[in-house]
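Asks: Attaching a single structure in structure tokens format; questions to follow.
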Amino acid sequence: MEPFEAAMGLMQTVTYQIWDDDTGNVIASYGSRDAAVAFLRGMLATNGPSGVSQLVIVAYPADGSDPIAVLEGAELLAAMSAHA
Amino acid sequence: MSYAALGKVPPENVRNDPSFLHRWNGLSVYDTYREARRLAKARRFKRWAYVAELSIPDDAPIICEGPDDFGHWNLYGADPVYLKDACVARVLHAPSVEELTPRG
């Protein structure tokens, strides 16, 4: 479990939205962080690094507390490069 | 502009999903300044330091779909020039404007 998820509460329902920094649009929404990350990986596979470098996963807790940016596309690229 | 206008290609597993593609072509807006600012704050105002308040006439040539659970709407058929020239009521500096005051 990610630290922010623990902070939000074990039973908290969280929605993970994929936002594009360049256009300010939400392009996908998932019920799990893993599914959101899988989407970013799919964007990377389809569009290359430019397909994810401006994307960010934002977690929205169901209790209405403030959203949190949990993973930026640039971080994913860096993590994937580190494991290459 | 919508994300689709950038020319990016959706991942293969959603490329034939009509609901996904519909959202891909939408233009994201929030129904309150508060929600737009909360998102900008989540990004530490790095990219979204300014929030435009829109006033969309009832007879505008725009299809509005929403809101979702977080006050987010998607706009369709929204001409960018029309939005900028006819619908932007004001632009606010999000880091310094926490609450929206009524327009005079």
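Asks: For region A:41-84, which positions are more than 9 Å from chain B (Cβ to nearest Cβ) and in contact (Cβ under 8 Å) with a residue 60 or more places away in the chain?
Replies: Within region A:41-84, A:70 is the sole residue that qualifies.
Asks: Give region B:12-44 a look and list any residue that's out of contact with any strand residue (DSSP E or B) (no Cβ under 9 Å at 6 or more places or on another chain) and not in a helix (DSSP H, G or I), or say none. Explain how you work it out, then say what you get.
Replies: Step one: of region B:12-44, the residues out of contact with any strand residue (DSSP E or B) (no Cβ under 9 Å at 6 or more places or on another chain) are B:12-13, B:15-19, B:21, B:32, B:34, B:41.
Once the filter is applied, which keeps residues that are out of contact with any strand residue (DSSP E or B) (no Cβ under 9 Å at 6 or more places or on another chain) and not in a helix (DSSP H, G or I), region B:12-44 yields B:15, B:16, B:17, B:32.
Asks: Here is a further query. Would you be able to tell me the number of residues in region A:7-40 that are more than 8 Å from chain B (Cβ to nearest Cβ) and not in a strand (DSSP E or B)?
Replies: Final tally of qualifying residues: 16.
Asks: Report whether or not residue B:56 is closer than 28 Å to residue A:31 by Cβ and either acidic (Asp, Glu) or touching a strand residue (DSSP E or B) at 6+ places or on another chain (Cβ under 8 Å) (or both).
Replies: On the way: closer than 28 Å to residue A:31 by Cβ: no; either acidic (Asp, Glu) or touching a strand residue (DSSP E or B) at 6+ places or on another chain (Cβ under 8 Å) (or both): yes.
Answer is no for this residue.
Asks: What's the number of the condition residue A:50 fails, among (1) crowded, with 18+ Cβ neighbours inside 10 Å; (2) among the small types (Gly, Ala, Ser); (3) at pLDDT below 90?
Replies: (1)
Asks: Turning to a different aspect of this structure: So, in region A:14-39, how many residues would count as being of a type in the set (A, V, I, L, M) and either in contact with a strand residue (DSSP E or B) (Cβ under 6 Å, 6 or more places away or on another chain) or in contact (Cβ under 8 Å) with a residue 60 or more places away in the chain (or both)?
Replies: So the first thing to find is which residues in region A:14-39 are of a type in the set (A, V, I, L, M), and the list is A:14, A:18, A:26-28, A:35-38.
If we keep only those that are either in contact with a strand residue (DSSP E or B) (Cβ under 6 Å, 6 or more places away or on another chain) or in contact (Cβ under 8 Å) with a residue 60 or more places away in the chain (or both) too, we end up with A:14, A:18, A:26-28, A:36.
Total meeting the criteria: 6.
Asks: Looking at region A:50-84, which of the residues that are farther than 16 Å from residue A:25 by Cα and in a loop (DSSP other than H, G, I, E, B) is farthest from the chain's Cα centre (by Cα)?
Replies: Here the answer is A:84.
Asks: Are any residues in region B:2-36 under 11 Å from the mean Cα position of the chain (by Cα) and either polar (S, T, N, Q) or farther than 27 Å from residue B:81 by Cα (or both), and if so, which ones?
Replies: B:2, B:28, B:32
Asks: Further, regarding this structure: I'm trying to understand the selection: among the residues of region B:86-104, which are of a type outside the set (A, V, I, L, M), closer than 17 Å to residue B:50 by Cβ and away from chain A (no Cβ under 13 Å)?
Replies: Let us first name the residues in region B:86-104 that are of a type outside the set (A, V, I, L, M), namely B:87, B:90, B:93, B:95-96, B:98-99, B:101-104.
Add one more test, that the residue is closer than 17 Å to residue B:50 by Cβ, and what stays is B:87, B:90, B:93, B:95-96, B:98-99, B:101, B:103.
Once the filter is applied, which keeps residues that are of a type outside the set (A, V, I, L, M), closer than 17 Å to residue B:50 by Cβ and away from chain A (no Cβ under 13 Å), region B:86-104 yields B:87, B:90, B:93, B:95, B:96, B:99, B:101, B:103.
Asks: Restricting to region B:70-89, count the residues that are surrounded by 12 or more Cβ atoms within 10 Å (Cβ to Cβ), in a strand (DSSP E or B) and either without any contact (Cβ under 8 Å) to a residue 40 or more places away in the chain or touching a helix residue (DSSP H, G or I) at 6+ places or on another chain (Cβ under 9 Å) (or both).
Replies: Total satisfying the criteria: 5.
Asks: While we're on this one: Of the residues B:52, B:40, only one is within 11 Å of the chain's Cα centre (by Cα) and either more than 9 Å from chain A (Cβ to nearest Cβ) or surrounded by 15 or more Cβ atoms within 10 Å (Cβ to Cβ) (or both); which?
Replies: Working: B:40 fails: within 11 Å of the chain's Cα centre (by Cα).
Exactly one residue qualifies, and that residue is B:52.
Asks: Scanning for something under 27 Å from residue A:52 (Cβ atoms) and more than 12 Å from chain A (Cβ to nearest Cβ), does region B:6-20 turn up at least one residue? Working first, answer last.
Replies: Taking region B:6-20 as the starting set, the residues that turn out to be under 27 Å from residue A:52 (Cβ atoms) are B:6-20.
Narrowing further to those that are more than 12 Å from chain A (Cβ to nearest Cβ): B:16, B:18.
Yes, some residue in region B:6-20 is under 27 Å from residue A:52 (Cβ atoms) and more than 12 Å from chain A (Cβ to nearest Cβ).
The values are calculated or read from the model by the stated rules, or taken from the named source; none is laboratory data. Since we're looking at a predicted model, the values are computed, not measured. We place every Cβ from the backbone using ideal geometry, glycine too, and count neighbours over all the protein chains shown.
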